Amino acid sequence: MTENITLMKLLRLIIRHWRTLLMSTVVIVFIAILYLNITPHKYTITLDVIPVAGKNNPLADQFSGSSSILAGVTSSASTEADPFKLFLEAVYTHDIAARLAKRPEIMKLIFKDQWDQNAQQWREAKGMFTPIKNAIKWTLGMPTPDWTAPSGLDVQKYFIENVIVITDRKSPVAVVALDHKRPEIAKKVLQALYEEIDGHLREQASTRSRSYIEYLENRLSEVKVIDYRQAILNSIAQQESTLMRTSPNTAFSAAIFDGPIQTLKPTSPKALIIFILAFFVGYIIGIIIIIAREPRLKLTMQTMFK
């Protein structure tokens, strides 16, 4: 025999079995406490960067609408991307990850759990649940590739999963953030990331400017019109100015405004949110248990909310 249950009947049922509700809530809260004590506390480390003084496009300015004599160069110069935007996009690229992979001191920090300091070699990191994960993958027919030492692909994956770039249209400052249980490691990683991105973009700009200068000097020997010759000379001077800005002693694409700095207190796990969720989940589980122990009752949404 079944019986429809109203909201009032459900409340009386919960009150009658309050011990079950209390027990389920206590158990879930206890599990939450264990989680908070087992899970490493992480700090947020941030690096604030700002654009370096912008550059103009002299080739486009000098020849816009006047001649196609330098069409190839003017097109490239006028469509050049903003170095600062490129800096922010480069955080997740494989080229930067590959550059960092060539720095052993950084690789040992990022993949500290895979570096055997005593043996001075890489080894597979096996956690408590590794055998279970492998067994599940094998059961589901999922591929389990052989372990290899960390590479550029692993660095790229690490940055994609852990690094956040925060921008604001109202502010020129962009924030590159990384959560880590050891702030001193995260600071070194962010600093190295900044150095590699800025260095990579600097090298690209230097190569590009040298190519422009070579082309312009060749054209200068062919052009006879005085106005065009002066425009080419001005453009060469501007490209040489760009070469000066690619000096390794100065920032090229982005300048450090502040940091890397860490938060004063851990930012994860968030204890308050976890406790609230624990109470809510424990309460729901308790209600389910109470209803399950009353097989004669048939709970329907229609009657419960009448």
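Observations
- Counting the residues of the range 197-240 that are within 29 Å of VAL176 (Cα to Cα), among the small types (Gly, Ala, Ser) and surrounded by fewer than 18 Cβ atoms within 10 Å (Cβ to Cβ) gives 2.
- So ARG123, is it touching a helix residue (DSSP H, G or I) at 6+ places or on another chain (Cβ under 7 Å) and loosely packed, with under 13 Cβ neighbours inside 10 Å: yes
- Any chance VAL155 is touching a strand residue (DSSP E or B) at 6+ places or on another chain (Cβ under 8 Å), under 30 Å from PRO51 (Cα atoms) and of a type in the set (A, V, I, L, M): no
- Restricting the range 102-120 to residues that are among the aliphatic types (A, V, I, L, M) and surrounded by 10 or more Cβ atoms within 10 Å (Cβ to Cβ) leaves a set whose member that is nearest to GLU195 (Cα to Cα) is ILE106.
- Residues satisfying the criterion are absent from the range 171-184 (criterion: exposed (fewer than 14 other Cβ atoms within 10 Å of the Cβ), free of Cβ contacts under 8 Å to residues at least 40 places away in the same chain and touching an Asp or Glu at 6+ places or on another chain (Cβ under 7 Å)).
- Scan of the range 185-196 for residues that are crowded, with 20+ Cβ neighbours inside 10 Å and of a type in the set (A, V, I, L, M, F, W, C), ordered by number: ALA186, VAL189, LEU190, LEU193
- Pairs are defined by a Cβ separation below 6 Å, a sequence spacing of at least 6 or placement on different chains, a first member in the range 222-233 that is in the same structural domain as TYR212 (by TED's automatic domain parsing), and a second member that is hydrophobic (A, V, I, L, M, F, W, C); the pairs so defined are ARG229/VAL223; ILE232/LEU216; ILE232/LEU220.
- Residues in the range 1-30 that are surrounded by 12 or more Cβ atoms within 10 Å (Cβ to Cβ), at pLDDT below 80 and among the β-branched types (Val, Ile, Thr): ILE5, THR6, ILE14.
One line per residue, one yes/no per condition, for (1) modelled with pLDDT of 80 or more; (2) over 27 Å from ARG182 (Cβ atoms):
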| site | (1), (2) |
| --- | --- |
| PRO248 | no, yes |
| GLN262 | yes, no |
| PHE275 | yes, no |
| ALA278 | yes, yes |
| ILE291 | no, yes |
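The values are calculated or read from the model by the stated rules, or taken from the named source; none is laboratory data. Just so we're clear, the structure is a prediction, and the values are computed from it rather than from any experiment. Counting neighbours? That spans all protein chains shown, and the Cβs are built from the backbone with ideal geometry, glycine included.
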